[in-house]
Amino acid sequence: MMYKYQEQKWIMFVLLFKFVQISKANCKIQIEKVYKSAFCWHQGLVSVPQDLPVDINRLDLRWNNLTTIQNFAFARYTVLEHLYIRDNQLRSLRIYSFCGVMNLQLLALSGNKLDVSVYPYGVFRPIENLKYLDVSRNMENGKTDEVVYSLAFNHLVHLRELHVDLVSKPNLSKSFMGMNSLQKLWFDYCYIYYISNKTFTSLPKNITELRMQNCKSFFTIESDALRHFPSLNALDFSGSHIHLHQALRSLYPLQNYRMKEINFHHITYSSITRYDYDVILSKEMMKYIATICIQTLDISYNNIVAIKEMSLIMFQHPECFINVILSANRFGIEQMEIEFLDFFYKMTNLKLFDFSYLPLEFKNPVFPNILYGSPQNNIEERIPAIKKIKTLFLPKQLKTLRLTHFMANMNIDEIRAVNCSLTAIDLSYFQSKVFPKFIFEKNHYIIELDLSGISALNTKSKFPQLNALLALRMRQTELCRLIDTDTNIFSWAPRMNKLDISSNFIWYLKENSLGDLSNLYFLNLSNNILQYFPTSLTKLENILTLDLSFNRLIALNEHTRGWIDSQQIKNNYFKVYLTGNSFICSCETKEFLTWLFSTKAELDNEGNYSCRLSDGKTNFTINVYNDFHNHFANCENQIWLKIGVASMTSLSIAVACVTLMYNFRWRMIFFFHKSFRKRAEEVLKINFVYDVYVSYSDDSTTFVKKVLQPIIEHKWGLTMCCEDRDFLVGESNADVRATSIHQSRYIIFLVTPAFIGREWSSFEIERAKYEKISNELQKIIVITKDISFRHIPSEFRTIWKDIYLIDWPIEIDGQETAWKKLRLWFL
């Protein structure tokens with residue numbers, strides 16, 4: 001009988017083959033060992049190509065224009081095993097479309113327009129050995145009437161995984177009968193709005209995984225609907241509009257099961273009106289799931305706001321948990337801290353615990369008090385003290401601890417691990433009044449640690465020696481406040497090979513700022529405010545990747561370029577990221593420009609960066625390099641020409657000023673000095689925006705506005721930079737202060753009693769030191785007012801010889817002398 005069927009099939013093949021439309025395509029043929037693939041993407045094909053090698057094992061026809069599959073279209077490809085026809089325009093199949101490919105193991109037809117009710121009976125009979133079938137994402141609407149599935153899956157007796165759409169009113173009827181090997185069932189493009197206890201009656205009993213993801217319309221599911229899956233060990237409703245209350249109730253038939261996975265991620269939406277959006281877990285809701293032995297549980301992003309009756313920890317089998325994900329909810333554990341920590345330790349096989357994105361409590365909030373007219377910094381005194389839990393013990397099998405974006409008051413002093421398997425800790429953007437100290441007893445193998453978003457002052461000395469740590473991330477940690485004075489910041493992780501300290505307002509690195517990190521091969525310093533390449537980096541002998549993007553580098557000097565080239569020669573690989581810097585294309589940087597396109601080291605964006613030309617315009621380095629002669633032909637004569645022009649102009653101005661010197665001597669002196677200085681700065685490529693930057697505290701605001709500004713700006717004609725007037729809203733405080741000081745000729749520190757405790761005083765003093773050492777800042781002037789000399793900040797000691805000091809007098813006569821001093825110092 002079988003022989004007769006095969007004979008009839010091949011006779012029909014001979015008769016119908018001539019009707020198959022022949023289509024040629026420019027397909028990519030790829031061979032890996034004995035496996036041959038043909039990739040025919042984006043070819044505009046309207047039929048199956050017939051000019052490909054007959055021995056291909058994989059045919060990929062994605063992103064074409066096929067509307068139907070003709071009979072025997074694949075008959076010449078007898079050894080075909082994997083066939084992809086995703087994202088075409090298929091609307092129909094023929095009964096013999098897949099004849100001749102009896103070895104086919106995978107068929108993917110997703111992303112087309114095939115209706116589940118119009119498949120020709122027997123279309124899958126020739127490929128009964130198929131193990132994977134994807135006919136999902138074909139039903140662009142769920143239809144409102146009952147739809148009888150005519151897919152005739154019953155021929156696919158060896159199929160193990162099936163992806164199919166679920167319409168609004170499905171009648172699965174007999175389509176799934178005989179599929180005794182089916183284990184994984186995925187419903188995609190899910191439109192169903194009611195699942196009764198009988199909906200899945202005809203499905204095979206051997207299904208172990210059921211996934212109904214992203215059902216965008218709310219649907220009701222009866223409590224006993226899952227009883228038709230006696231072998232189920234994985235249930236996934238993630239992204240579906242079902243609500244956590246209903247999903248937990250649907251677990252009634254699965255009581256006392258052993259489940260590999262229950263995924264209820266983000267199934268509670270505010271648009272569901274039948275249930276409250278704010279979820280409060282109770283014993284009644286958790287009574288079914290509590291009996292199940294679960295390896296992976298995900299109930300994240302469900303707006304769980306409270307836990308009643310300790311229902312979260314009423315699971316009967318805590319030892320079964322391997323992965324627990326509770327993130328992006330809004331509940332705390334204050335009322336069951338001891339019990340929760342005890343339950344946490346009982347999860348002896350736990351490998352991943354994720355309790356992140358918890359916006360429960362702000363750190364040190366400030367509240368307005370309209371009755372008494374003064375802000376209340378906190379309300380800790382008004383509430384009873386919460387009992388303090390000293391130590392959290394980690395389960396021995398835990399591998400990943402994730403508490404990122406945790407915002408709550410955690411009453412734990414220590415997190416202790418004894419012989420723990422922990423390898424990764426993510427505490428990024430962790431906010432609590434107390435940052436716990438980590439203690440690891442006996443063996444520990446922490447490989448990855450993320451402390452981003454936490455002040456480095458809070459995490460300092462909180463970790464023991466981590467000799468196994470390989471990757472450390474400290475983005476946005478205010479590291480600039482430590483890196484200048486502390487050379488042991490990273491001494492607790494001596495074998496680290498990947499370090500990310502980006503976005504930390506680092507403007508320079510000392511020779512020993514990073515300590516001894518001889519194993520480091522990846523360093524990320526992006527999004528800082530470096531103006532020069534730190535020479536300390538050249539001591540990192542094993543560095544292979546260096547990210548300096550989005551800093552303020554104007555060029556790389558000869559020594560730095562030589563070091564990069566030597567690293568490339570030594571390791572045969574070196575990559576530098578330089579995008580987003582403030583490069584200058586001028587005579588002084590032409591060697592750097594040439595190096596960008598001659599170095600063997602790998603540069604991001606192939607060395608093509610934005611740069612500023614001498615005339616102030618912006619161009620790209622590739623354009624300047626290609627037109628090198630025109631841009632730099634006059635470099636040798638340019639400096640002398642500028643000096644000559646500046647000298648002639650200065651002499652003319654000096655002669656003109658002599659005639660007015662007597663009557664307007666001070667004003668003319670300032671004018672002469674300002675003009676000469678401007679010309680000289682043009683020659684030296686110095687661009688000052690302000691004449692003087694004023695550093696002051698809140699108690700000096702009136703003095704600056706009423707006394708300093710009228711004289712210095714209105715009378716003397718100089719420009720001042722004052723934070724209350726010149727700082728733009730929204731910019732980084734550290735960034736704008738550093739930039740303004742760099743763009744000022746002089747700086748005045750107005751030292752008053754409030755200046756000592758001001759947050760930004762030390763930063764501005766250190767920045768002034770740096771600019772003075774760099775020969776950018778011409779004078780540092782200190783004006784003391786209502787304060788004795790012994791209270792002047794100690795940071796001035798190292799540059800005392802460079803400071804011009806005025807003790808502002810109270811008497812009018814003394815003030816006249818002070819003004820004369822200040823006026824002379826501006827010359």
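The values are calculated or read from the model by the stated rules, or taken from the named source; none is laboratory data. Note that this is a predicted model, so its numbers are computed, not measured. Note: ideal-geometry Cβ built from the backbone for every residue, glycine included; neighbour counts use all protein chains shown. Protein only, heavy atoms only, side chains kept; ligands, DNA and RNA dropped before computing areas. Shrake-Rupley method; radii C 1.70, N 1.55, O 1.52, S 1.80 Å.
Key figures for this structure:
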{"read-out": "Any hit, the range 257-275, residues being touching a residue at least 24 places away in the same chain (Cβ under 8 Å), in a helix (DSSP H, G or I), under 15 Å from L232 (Cα atoms) and of a type outside the set (D, E)", "value": "no"}
{"read-out": "Hits in the range 276-312 - residues which are in contact with an Asp or Glu (Cβ under 6 Å, 6 or more places away or on another chain) and assigned to a helix (DSSP H, G or I)", "value": "K283"}
{"read-out": "Which numbered condition W507 misses (of (1) at pLDDT below 90; (2) open to solvent by 70 Å² or more (accessible area, probe 1.4 Å); (3) not polar (S, T, N, Q))", "value": "(2)"}
{"read-out": "Subset of the range 398-417 (residues that are over 21 Å from the mean Cα position of the chain (by Cα) and at pLDDT 85 or above)", "value": "L398, K399, E414, I415, R416, A417"}
{"read-out": "Those residues of the range 21-54 which are over 39 Å from the mean Cα position of the chain (by Cα) and open to solvent by less than 70 Å² (accessible area, probe 1.4 Å), in sequence order", "value": "S23, A25, L45, S47, V48, P49, Q50, L52, P53"}
{"read-out": "Top-ranked residue of the range 793-809 - restricted to ones that are among the aromatic types (F, W, Y) and in contact (Cβ under 8 Å) with a residue 12 or more places away in the chain, ranked as least open to solvent (accessible area, probe 1.4 Å)", "value": "F796"}
{"read-out": "Test: residue in the range 762-769 that is modelled with pLDDT of 85 or more, in a strand (DSSP E or B) and among the charged types (D, E, K, R)", "value": "no"}
{"read-out": "Leading residue by the ranking (farthest from S175 (Cα to Cα)) among those in the range 100-141 that are part of a helix (DSSP H, G or I) and open to solvent by 10 Å² or more (accessible area, probe 1.4 Å)", "value": "P126"}
{"read-out": "Residue list for the range 470-485, filter: open to solvent by less than 20 Å² (accessible area, probe 1.4 Å) and over 18 Å from T404 (Cβ atoms)", "value": "L479, L482, I483"}
{"read-out": "Residue check, K433 open to solvent by 60 Å² or more (accessible area, probe 1.4 Å), over 23 Å from the mean Cα position of the chain (by Cα) and in contact (Cβ under 8 Å) with a residue 60 or more places away in the chain", "value": "yes"}
{"read-out": "Qualifying residue in the range 531-540 (condition: open to solvent by 70 Å² or more (accessible area, probe 1.4 Å), closer than 30 Å to E795 by Cα and outside any strand (DSSP E or B))", "value": "yes"}
{"read-out": "Residue in the range 736-761 that is modelled with the lowest pLDDT, counting only those that are surrounded by fewer than 21 Cβ atoms within 10 Å (Cβ to Cβ) and touching a His at 6+ places or on another chain (Cβ under 9 Å)", "value": "I756"}
{"read-out": "Checklist (1) open to solvent by 40 Å² or more (accessible area, probe 1.4 Å); (2) in contact with a Cys (Cβ under 9 Å, 6 or more places away or on another chain) applied to K174, failing item", "value": "(2)"}
{"read-out": "The range 442-469: number of residues that are closer than 17 Å to L523 by Cα, crowded, with 18+ Cβ neighbours inside 10 Å and of a type outside the set (D, E, K, R)", "value": "4"}
{"read-out": "Count of residues meeting criterion [farther than 24 Å from I506 by Cβ, out of contact with any Ser or Thr (no Cβ under 8 Å at 6 or more places or on another chain) and of a type in the set (D, E, K, R)] in the range 716-747", "value": "2"}
{"read-out": "In the range 330-354, the residues that are touching a Phe, Trp or Tyr at 6+ places or on another chain (Cβ under 7 Å) and either open to solvent by 20 Å² or more (accessible area, probe 1.4 Å) or under 19 Å from L427 (Cα atoms) (or both)", "value": "I333, Y345, N349, L350"}
{"read-out": "Unique residue being open to solvent by 50 Å² or more (accessible area, probe 1.4 Å), in contact (Cβ under 8 Å) with a residue 12 or more places away in the chain and not hydrophobic (A, V, I, L, M, F, W, C) when the list is S566, S610, S598", "value": "S610"}
{"read-out": "Residue in the range 727-735 that is on the phi < 0 side of the Ramachandran plot and buried (at least 16 other Cβ atoms within 10 Å of the Cβ) present", "value": "yes"}
{"read-out": "Members of the range 35-85 found to be among the polar types (S, T, N, Q), over 16 Å from L104 (Cα atoms) and out of contact with any helix residue (DSSP H, G or I) (no Cβ under 8 Å at 6 or more places or on another chain), listed by number", "value": "Q43, S47, Q50, N64, N65, T67, T68"}
{"read-out": "Matching residues, the range 299-326, being in contact (Cβ under 8 Å) with a residue 40 or more places away in the chain, open to solvent by less than 20 Å² (accessible area, probe 1.4 Å) and within 26 Å of H241 (Cα to Cα)", "value": "I299, S300, N302, I304"}
{"read-out": "Among the residues listed as E146, E161, the single one being under 18 Å from R211 (Cβ atoms), out of contact with any His (no Cβ under 7 Å at 6 or more places or on another chain), surrounded by fewer than 19 Cβ atoms within 10 Å (Cβ to Cβ) and charged (D, E, K, R)", "value": "E161"}
{"read-out": "Set L281, L248, L254: member being over 37 Å from the mean Cα position of the chain (by Cα), open to solvent by less than 40 Å² (accessible area, probe 1.4 Å) and modelled with pLDDT of 95 or more", "value": "L254"}
